Amino acid sequence: MAKQQSMGAAQTAMAGTSAFFDIHLEGRAYMFGNRVTVTDFAVGALSALALNPQSRVPLEGHANIIAWYQRLEAVPSWSMTAPARLMEAAE
């Protein structure tokens with residue numbers, strides 16, 4: 001029962017954070033405008049596993065987050081250092 005409650009609390013917190021982040025990215029390519037910054041890398045590193053479909057983090061309706069992360073993945077310095085299989089890196 002406690003595990004279900006903590007999962008529910010985590011999902012509620014994530015939903016609020018995702019909504020805020022999605023609104024923040026409206027009209028922006030990256031966190032602070034049209035140029036990638038260290039902030040994008042820092043937030044992207046923390047977001048990478050959450051954005052993986054196997055994490056089951058609900059991102060439906062958060063198109064700005066998904067588009068931002070796809071742009072980040074296209075940055076050569078990001079893609080050169082990313083693990084080939086993200087879920088294997090988490091193990």
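The calculated FRET efficiency for the pair residue 32 and residue 11, based on their C-beta separation and a Förster distance of 30 Å, comes to about 0.60. Using a 7 Å offset from the Cα along the Cα-to-Cβ direction at both residue 71 and residue 52, what is the distance between the two label points in nm, to one decimal? It works out to 2.5 nm between the two label points. Taking amide H atoms as placed 1.01 Å from N in the peptide plane, the amide H of residue 30 lies under 5 Å from those of 35, each 5 or more residues away in sequence or on another chain.
Every number here is computed from the coordinates shown, using simple stated rules; none is lab data. Keep in mind that what you see is a predicted model, and the values were worked out from it rather than measured. So basically every Cβ, Gly included, is an ideal-geometry build from the backbone, and we count neighbours across all protein chains shown.
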